[in-house]
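S.K.: Here's a structure for you.
The values are calculated or read from the model by the stated rules, or taken from the named source; none is laboratory data. Everything numeric in this text was worked out from a predicted model, so none of it was measured. Cβ placement follows ideal geometry from the backbone for every residue including glycine, while neighbour counts extend to all protein chains displayed. What goes into the accessible areas is simple: the full protein's heavy atoms, side chains included, and nothing from ligands, DNA or RNA. Shrake-Rupley method; radii C 1.70, N 1.55, O 1.52, S 1.80 Å.
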Amino acid sequence: MKLPDPVSYAIPAFVLLIILEMWLTRRRGVGRYDWRDAGASLTLGLGSTIAGALTGAAVVAMAVWFYQFRLFDIPFAWWAFLLAFVLDDLAYYAFHRSAHRVRWFWASHVIHHSSQHYNLTTALRQTWTGFLSLGFLFRLPLFLIGFPPAMIFFVAGLNLVYQFWIHTEQVGRLPRWFEAVMNTPSHHRVHHAVNPRYLDRNYAGVFIIWDKMFGTFQPEEDSDRPRYGIVHALPTLNPLWAAVHEWVAIARDAVRSRSPSELLGRLFGPPGWQPGGAGETSETIRARWQATNPKQEA
Ligand SMILES: [Zn+2]
Ligand SMILES: [Zn+2]
């Protein structure tokens, strides 16, 4: 079955929403747009599309290969699409959590967090090196269950389209039932923030319920406004550097490693890990913050 690519169909809506957001940002004085930052985001989005096109065939081939060992024959029925959408979102949660907790995956995901701004153009910052970091592995179980590859690629596209509109400061809080179930601008602002309270929280794609189920949920606090970006901000807006800088750092650290366990830690430990607990990870940053703010609860 041939299904359309939801992302291509959504591009005109992306453009219109970016224009609307720019206008609102000016009018209301809420949020920020920086031309150079937005330009870098657009370039990164374009690069990601090219990288995806180059490696897409290999990913499809792998999906089809796994699909031949499927447990069930799932038909192209409405309920199957629904189930695929929900389970694919769970797979996304697992992928995204690993993308923040394992340096090898983080090296490709960091690009999405490299802006210190938070607007709809930030959503376009997508990885160039997803294939290298093996992010597609997280969706393979879905093909083994028996979801047809075309169905999974379709719902994965819808998932990505959903995640576009939540990258904005123009939307405050939505009705309580919606905030309870769905990923929203408020929840995702937390995900993009470097405030110690917010580090490594809210990994959800579409449904915030995964974070609540697996203990990674943090609501946005009005008293702690998100500061966006990564713990060590990049010194340049150069898109090529944003795309590869963590891989370069990994290579440097790998060469420096003095033992196999150190090498493993530097490749697959959490970002910031260093031997002997000397590194600065999300945990150490949060612990230090809690120690100096005893009244705060993380
Ligand atoms: Zn992320
Ligand atoms: Zn995001």
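S.K.: Restricting to segment 138-190, name every residue that is in contact with an Asp or Glu (Cβ under 8 Å, 6 or more places away or on another chain), in a helix (DSSP H, G or I) and closer than 19 Å to residue 118 by Cα.
M.R.: 185, 186, 187, 189, 190
S.K.: Which residues, counting only those in segment 177-200, are over 22 Å from residue 161 (Cβ atoms), in contact (Cβ under 8 Å) with a residue 40 or more places away in the chain and not hydrophobic (A, V, I, L, M, F, W, C)?
M.R.: 196, 197, 200 - these are the residues of segment 177-200 that are over 22 Å from residue 161 (Cβ atoms), in contact (Cβ under 8 Å) with a residue 40 or more places away in the chain and not hydrophobic (A, V, I, L, M, F, W, C).
S.K.: Somewhere in segment 252-261, is a residue β-branched (Val, Ile, Thr) and over 20 Å from residue 290 (Cβ atoms)?
M.R.: Among the residues of segment 252-261, at least one is β-branched (Val, Ile, Thr) and over 20 Å from residue 290 (Cβ atoms), which makes the answer yes.
S.K.: Looking at segment 129-145, which of its residues are β-branched (Val, Ile, Thr) and within 15 Å of the chain's Cα centre (by Cα)?
M.R.: Across segment 129-145, the qualifying residue is only 129.
S.K.: Out of 105, 85, I need the residue that is crowded, with 19+ Cβ neighbours inside 10 Å, part of a helix (DSSP H, G or I), away from ligand 2 (no atom under 16 Å from the Cβ) and not β-branched (Val, Ile, Thr). Which one?
M.R.: 85
S.K.: Next up: Which of (1) within 16 Å of ligand 1 (Cβ to nearest atom); (2) buried (at least 22 other Cβ atoms within 10 Å of the Cβ); (3) farther than 25 Å from residue 232 by Cα is the odd one out, the single condition residue 142 does not satisfy?
M.R.: Unmet for residue 142, out of (1) within 16 Å of ligand 1 (Cβ to nearest atom); (2) buried (at least 22 other Cβ atoms within 10 Å of the Cβ); (3) farther than 25 Å from residue 232 by Cα: (1).
S.K.: Among the residues of segment 203-261, which ones are open to solvent by less than 70 Å² (accessible area, probe 1.4 Å), among the aliphatic types (A, V, I, L, M) and within 24 Å of residue 275 (Cβ to Cβ)?
M.R.: Once the filter is applied, which keeps residues that are open to solvent by less than 70 Å² (accessible area, probe 1.4 Å), among the aliphatic types (A, V, I, L, M) and within 24 Å of residue 275 (Cβ to Cβ), segment 203-261 yields 230, 248, 249, 250, 251, 254.
S.K.: Does residue 57 satisfy the criteria of being modelled with pLDDT under 90 and loosely packed, with under 14 Cβ neighbours inside 10 Å?
M.R.: So residue 57 does not fit the description; no.
S.K.: Restricting to segment 169-191, name every residue that is among the β-branched types (Val, Ile, Thr) and within 16 Å of ligand 1 (Cβ to nearest atom).
M.R.: 184, 190
S.K.: Condition test on residue 158, is it open to solvent by 40 Å² or more (accessible area, probe 1.4 Å), in contact (Cβ under 8 Å) with a residue 40 or more places away in the chain and over 14 Å from the mean Cα position of the chain (by Cα)?
M.R.: Details: open to solvent by 40 Å² or more (accessible area, probe 1.4 Å): yes; in contact (Cβ under 8 Å) with a residue 40 or more places away in the chain: yes; over 14 Å from the mean Cα position of the chain (by Cα): yes.
Here the answer is yes, as residue 158 does meet what is asked.
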